[in-house]
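Each remark here refers to the structure printed beneath this line.
The values are calculated or read from the model by the stated rules, or taken from the named source; none is laboratory data. Since this is a predicted model, take the numbers as computed values, not measurements. Using ideal geometry, Cβ is built from the backbone for each residue, glycine included, and neighbour counts are taken over all protein chains shown. Keep in mind that these areas ignore ligands, DNA and RNA; they rest on the heavy atoms of the full protein, side chains included. Shrake-Rupley method; radii C 1.70, N 1.55, O 1.52, S 1.80 Å.
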Amino acid sequence: WSPAEAREYVGPAYGLNNTRGYVCQMCRERTKHFEACQIEPRGTMTRDFKEMRLCLCPACAEKYRELRQNERAYRAFIQAIEALSPVEFTQNTPIKLSLGDETLHFTQTHLAEIWVLLKLMKEEIVVE
């Protein structure tokens, strides 16, 4: 996916109604500019899915890229996603997950899509 297509996908999920602003998934601050940051570190991605992006302000995007280089923290983050129960995606509250000392906030739909893709990639099922 092109960066523009990834932004078009993740932006609306974290967009503020009737404004040109977005909410950063990490700091929860309003931002007019965001990065559709890849969840997986470069070089480890088996496929590039637009759903596997985060809506982060530029400062948090940089911080996230540094955090995901810590293999232990990143693995714990991915395992926390994989351990979620589908029931958790139906609750009417945002889902928070830790990565190192930071917390990422997700909509139920976005996290459910990530959860499914991680399961499919783990099973090596090709998704188009």
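With respect to (1) surrounded by fewer than 18 Cβ atoms within 10 Å (Cβ to Cβ); (2) touching a residue at least 12 places away in the same chain (Cβ under 8 Å); (3) under 25 Å from Cys57 (Cβ atoms), the lone exception for Lys96 is condition (2). Screening region 64-81 for residues that are in contact with a Leu (Cβ under 8 Å, 6 or more places away or on another chain) and under 16 Å from Glu35 (Cβ atoms) and picking the one that is modelled with the highest pLDDT gives Tyr64. Mind counting the residues in region 39-86 that are outside any helix (DSSP H, G or I) and open to solvent by less than 30 Å² (accessible area, probe 1.4 Å)? Of the residues in that region, 11 qualify. Among the criteria (1) modelled with pLDDT of 90 or more; (2) part of a helix (DSSP H, G or I); (3) among the basic types (Lys, Arg), the one Arg7 does not fulfil is (1).
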